[in-house]
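Structure record follows, encoded as structure tokens.
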Amino acid sequence: MSTSATLPREDRKRPYQRRGDRVFAGAALAAGSLILLVLAGVAAFLVYEAWPAITASADELPGDQSLVAYVAPLIFGTLLSAAIALLLATPVAVGIALFITHYAPRRLAQPLGYVIDLLAAVPSIIYGLWGLSVLAPRTTALSGWLEAKLGFIPLFAGPASATGRTMMTIGIVLAVMILPIITAVSREVFLQTPRLHEEASLALGATRWEMIRMAVLPFGRSGVISAAMLGLGRALGETMAVAIILSPSGGVTFNLIGQGNPSTIAANIALQFPESSGVAVNTLIASGLVLFVITLAVNMLARWIVSRRSEFSGAN
């Protein structure tokens, strides 16, 4: 039996904690609590302002339709555009991160990393103008080819848009926008791979790609998932680029190259809010509440996925 177990409770000394440690711990606790309060305040504001639209009848809402019928196409457009962007950006971002960390010479890797990071600083309206004036006209030929060769697939059923302002263009632009986010996080994760793991793989005769596949990618899997979820959050909430490029017509369709495209929640709010009043404003806020819930659910799902992979670490 240890001596400390026989001492009275009041005689046991607590570990000494310096004043600076106490101040820092208190500041960290206050900052974390403040974030929770702000999040709760935003949620309360959205629920309060959206409640008139939630309780209103269909003939009082825009388009004389129910709130569910109004928001459903916007949810579909938001998820579709973000999914396209994620599918396009994630493999490219992971490839760029691996090239910078394990293939490129140092004198090339560092400048290339800076260039990728600078892409994240470009305003979204610039991406929107680029997509409208440069990318959209150049996708018309591709859209026509996809309709002719792959028109039997609902994604490319057509008729192809003559302007290129389609969901496919939006997906490409959003992929370019989230590319630096996923690349930067993945690059830092891959650099944290234990050097002993890499050297052990190479010492056993593995090629560089086999070393990456067996040591680097398993170690960085949770980090790549977190990076993809960060990029997905950016794509879900993007406003100006979508509002500038897309020519929405409402409805739900999987056709990526046609003229009829569903809008997204953020872009619809940006376009409709200046001319709205009364219950129409509450309806837009209600759609914002839906976007808030979707974003929160995505982040919770990401945290759950990452926690399932947390057992793999450099010490294992």
**Message:** Quick test of your reading of the structure: Q192 fulfils all but one of (1) touching a Ser or Thr at 6+ places or on another chain (Cβ under 9 Å); (2) among the polar types (S, T, N, Q); (3) closer than 30 Å to A302 by Cβ. Name the failing condition by number.
**Reply:** (1)
**Asked** Taking the condition within 23 Å of A228 (Cβ to Cβ), under 19 Å from the mean Cα position of the chain (by Cα) and in a helix (DSSP H, G or I), does I212 pass?
**Response** no
**Request:** Output the number of residues of region 124-161 satisfying the condition of being outside any helix (DSSP H, G or I), touching a Gly at 6+ places or on another chain (Cβ under 7 Å) and either touching a residue at least 24 places away in the same chain (Cβ under 8 Å) or of a type in the set (V, I, T) (or both).
**Result:** 6
**Complete:** Selection from region 269-283 of residues in a helix (DSSP H, G or I) and under 13 Å from A56 (Cβ atoms) yields V279, A280, V281, N282, T283
**Item:** Residue pairs meeting the criteria (Cβ under 7 Å; at least 6 apart or on separate chains; first in contact (Cβ under 8 Å) with a residue 24 or more places away in the chain, in region 162-179; second in a loop (DSSP other than H, G, I, E, B) and among the basic types (K, R))
**Value:** none
**Complete:** Exception for A266 within (1) assigned to a loop (DSSP other than H, G, I, E, B); (2) modelled with pLDDT of 85 or more falls at (1)
**Fill in**
Filtering region 100-117 for residues that are under 19 Å from A227 (Cα atoms) and without any contact (Cβ under 8 Å) to a residue 12 or more places away in the chain leaves a count of 2
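Table: residues versus (1) closer than 18 Å to V281 by Cβ; (2) small (G, A, S).
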{"position": "Y48", "(1), (2)": "yes, no"}
{"position": "W51", "(1), (2)": "yes, no"}
{"position": "A56", "(1), (2)": "yes, yes"}
{"position": "Q65", "(1), (2)": "yes, no"}
{"position": "T78", "(1), (2)": "no, no"}
{"position": "L88", "(1), (2)": "no, no"}
{"position": "A93", "(1), (2)": "no, yes"}
{"position": "F99", "(1), (2)": "no, no"}
**Fill in**
Selection from region 109-151 of residues surrounded by 15 or more Cβ atoms within 10 Å (Cβ to Cβ) and of a type in the set (G, A, S) yields A109, G113, S124, G128, G131, A136, S143, G144, G151
**Complete:** Checking G231, G251 in turn, the sole residue that is assigned to a loop (DSSP other than H, G, I, E, B), among the small types (G, A, S) and under 24 Å from I172 (Cβ atoms) turns out to be G251
**G251 being closer than 22 Å to S133 by Cβ, in contact with a Pro (Cβ under 7 Å, 6 or more places away or on another chain) and not basic (K, R)** = no
**Asked** When the residues of region 167-209 are filtered to those that are assigned to a helix (DSSP H, G or I) and among the hydroxyl-bearing types (S, T, Y), which remaining residue is farthest from L135 (Cα to Cα)?
**Response** S201
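The values are calculated or read from the model by the stated rules, or taken from the named source; none is laboratory data. All figures in this text were calculated on a predicted structure; none of them were measured in a lab. As a convention, Cβ positions derive from the backbone with ideal geometry for all residues, glycine included, and neighbour counts pool all protein chains shown.
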